[in-house]
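Quick notes on the structure that follows.
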Amino acid sequence: MVIVGSASWYLSKANKTQNQVVADNPNVSLNNSNLRYANIAYSEKITLSKGKGVTKQAASCIECHAQKTPAIVQDWSKSSMAHAGVSCIDCHGVSKDNPMANQNCPGVKGTNIYVSKMVSPKTCAKCHPNEVKEFEESGHARAAFHLALKPDQGLIAHEDMGAPEYKDAVVLTGCAQCHGSIIKMGPNHEPTQGTWPSHGIGNVYPDGGVGNCASCHFNHQFSIAQARKPSSCATCHLGPDHPDIEVYNNSVHGALFAAHGDKWHWGSPPGAWIPGVDYDAPTCATCHMSGVNGLQPTHNVDMRLKWNLWAPISKERTGGYETAAFEYMKTGKLTAGNPLAGNPKGPQEARKEMLQVCASCHTQSFANNYLAMADKQIELYNKYAHAASEMINTLEKKHLMMKDPWADPAFRTYYYMWHHEGRRMRQGAVMEGPDYSHWHGVFQLQQSLRILQAIYNQRMKDGKIDPNQIGGVGMGE
């Protein structure tokens with residue numbers, strides 16, 4: 001194996017003229033903006049760590065892609081991977097028998113090298129085994145299974161207007177970009193249009209890997225600084241059903257980030273990102289993942305969570321580790337997993353760890369008192385949820401619910417109560433979002449319960465469904 005000990009093979013391209021760049025790359029002309037990127041790619045200086053190098057084949061990949069996809073090479077050149085000598089082929093190279101393997105790239109056609117456009121967590125685990133294992137033990141690993149097994153009570157079938165040719169568009173441009181996709185391979189060993197590309201965190205790859213590291217560590221810089229910023233989480237944790245970024249942005253923590261975040265030190269190593277030294281208010285990553293105040297960093301985002309706050313009824317997380325990814329890798333079966341996945345030592349240990357995070361900035365009484373009131377708000381939500389679910393269950397037993405739930409004002413009202421208003425109430429409570437806890441949360445919830453109660457009373461009195469009954473739109477939606 002030939003090792004290129006430095007980046008000299010790459011820097012030799014630095015002095016190309018614009019005309020030479022254009023001649024080498026048909027996608028670039030003297031009059032378009034791609035020329036600038038091509039020049040950047042050619043002139044970018046990459047200094048690999050001392051003693052590190054890349055193979056001759058890897059050098060060939062980089063040189064070609066500096067012309068074909070210059071922005072990718074530019075990003076990679078800034079990454080810690082580039083400076084450690086980790087190249088394209090180290091991540092995209094696969095064995096011949098890998099179900100994602102092909103030689104469709106002209107640079108490897110006819111050689112003994114096979115590549116994949118997709119990088120599975122199985123590849124990441126070669127260097128980051130603990131991080132991948134922790135991820136697989138978290139609820140994030142369940143995301144695509146949840147979508148595949150229960151696509152929101154047939155909601156997608158209504159959103160595509162009954163036209164099967166649009167079903168994949170609804171899923172892949174929406175749900176799958178957060179939940180993930182069960183990726184299928186098509187002709188010529190390429191991923192199918194209806195299942196890829198997906199930015200979703202729970203991707204299931206044809207080689208059996210589950211998860212998507214690039215959901216948080218974006219290609220191709222894979223930056224820890226970028227992953228620590230709230231905007232990374234906000235690609236999915238937003239909107240009327242889980243407005244986590246909206247809650248954060250309008251909290252005191254979010255206000256401090258907005259005021260001072262540009263001066264924080266985002267690139268400190270894992271376990272050495274210190275509140276009061278590198279930053280002065282938490283982000284999502286601080287509370288849920290970072291090594292803070294004696295805690296170890298973790299990629300299991302459930303470890304410090306006492307409650308399940310997304311389900312119709314909130315329960316304490318007593319289920320231990322998530323199981324869906326391990327079951328799939330063992331048997332190939334899609335399972336619903338463990339919605340009560342959390343800290344294997346139980347919900348009280350999870351709360352203890354979260355309070356340990358809080359103690360970096362707050363007194364014990366401050367944090368204890370606040371989270372105790374948040375617990376009360378969650379318990380109050382459950383009272384609303386139980387009252388609503390009892391009415392829905394009674395109507396179902398008496399055959400007083402419509403066959404199409406999305407045409408039924410009773411079902412729609414109930415759905416908004418737990419899926420939108422109730423989540424806002426609960427998540428606003430625990431993350432210091434007062435307006436979401438109250439006006440966008442419990443206020444709207446109690447109004448919706450009144451609407452559902454009126455529908456219930458009318459159906460129970462008449463013994464039939466009135467198609468003209470009002471309701472079914474959440475308050476303020």
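Can Glu421 be described as closer than 29 Å to Glu316 by Cβ and part of a loop (DSSP other than H, G, I, E, B)? It is false that Glu421 is closer than 29 Å to Glu316 by Cβ and part of a loop (DSSP other than H, G, I, E, B). Of the residues Leu371, Leu380, the single one that is under 28 Å from Tyr416 (Cβ atoms) and in contact with a Cys (Cβ under 9 Å, 6 or more places away or on another chain) is Leu371. Look at His419 and say whether it is in contact with an Asp or Glu (Cβ under 7 Å, 6 or more places away or on another chain) and either of a type in the set (A, V, I, L, M, F, W, C) or farther than 27 Å from Val252 by Cβ (or both). Yes. Screening the candidates Asp207, Asp168 for the property of being under 29 Å from Ser116 (Cα atoms) and assigned to a loop (DSSP other than H, G, I, E, B) yields one hit, Asp207. Taken over segment 312-347, the criterion of being among the aliphatic types (A, V, I, L, M), buried (at least 16 other Cβ atoms within 10 Å of the Cβ) and closer than 24 Å to Met417 by Cα is satisfied by Leu340, Ala341.
Restricting the search to helices (runs of 4 or more DSSP H) fully inside segment 51-106 and requiring at least 2 residues that are surrounded by 18 or more Cβ atoms within 10 Å (Cβ to Cβ) and touching a Cys at 6+ places or on another chain (Cβ under 9 Å) gives 56-68, 70-77, 88-92.
Scanning segment 369-392 for any residue that is under 15 Å from Phe443 (Cα atoms), of a type in the set (Ser, Thr, Tyr) and in a helix (DSSP H, G or I) turns up at least one such residue. Restricting His237, His199 to residues that are under 15 Å from the mean Cα position of the chain (by Cα), under 22 Å from Pro129 (Cα atoms), crowded, with 17+ Cβ neighbours inside 10 Å and in contact (Cβ under 8 Å) with a residue 12 or more places away in the chain narrows the list to His199.
Considering only segment 315-330, how many residues are farther than 18 Å from Glu349 by Cβ and in contact (Cβ under 8 Å) with a residue 60 or more places away in the chain? Looking only at that region, the number is 5. Only one of the listed residues (His399, His438) is surrounded by fewer than 21 Cβ atoms within 10 Å (Cβ to Cβ), without any contact (Cβ under 8 Å) to a residue 24 or more places away in the chain and assigned to a helix (DSSP H, G or I). That residue is His438. The listed residues are Ala272, Ala234, and the only one of them that is in the same structural domain as Pro347 (by TED's automatic domain parsing), farther than 24 Å from Ala429 by Cα and among the hydrophobic types (A, V, I, L, M, F, W, C) turns out to be Ala272. Residues in segment 212-233 that are within 9 Å of the chain's Cα centre (by Cα) and in a loop (DSSP other than H, G, I, E, B): Asn212, Cys216. Please verify whether segment 397-404 includes one or more residues that are modelled with pLDDT under 95 and of a type in the set (D, E, K, R). Scanning segment 397-404 turns up at least one residue that is modelled with pLDDT under 95 and of a type in the set (D, E, K, R).
Filtering Gly271, Gly239 for residues that are in a loop (DSSP other than H, G, I, E, B) and modelled with pLDDT under 95 leaves a single hit, Gly271. Taken over segment 352-368, the criterion of being within 16 Å of Leu305 (Cβ to Cβ) and either β-branched (Val, Ile, Thr) or not in a helix (DSSP H, G or I) (or both) is satisfied by Val357 alone.
This table checks each residue for (1) among the small types (Gly, Ala, Ser); (2) over 21 Å from Cys216 (Cβ atoms).
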{"residue": "Ser120", "(1), (2)": "yes, no"}
{"residue": "Cys127", "(1), (2)": "no, no"}
{"residue": "Ala144", "(1), (2)": "yes, no"}
{"residue": "Lys150", "(1), (2)": "no, yes"}
{"residue": "Ile156", "(1), (2)": "no, yes"}
{"residue": "Asp160", "(1), (2)": "no, yes"}
{"residue": "Val170", "(1), (2)": "no, yes"}
{"residue": "Gln177", "(1), (2)": "no, no"}
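A count restricted to segment 288-311 and to residues that are of a type in the set (A, V, I, L, M), over 19 Å from the mean Cα position of the chain (by Cα) and surrounded by fewer than 19 Cβ atoms within 10 Å (Cβ to Cβ) stands at 1.
The values are calculated or read from the model by the stated rules, or taken from the named source; none is laboratory data. Values in this document were obtained by computation on a predicted structure and should not be read as measured data. All Cβ positions, glycine included, derive from the backbone under ideal geometry; neighbour counts span all protein chains shown.
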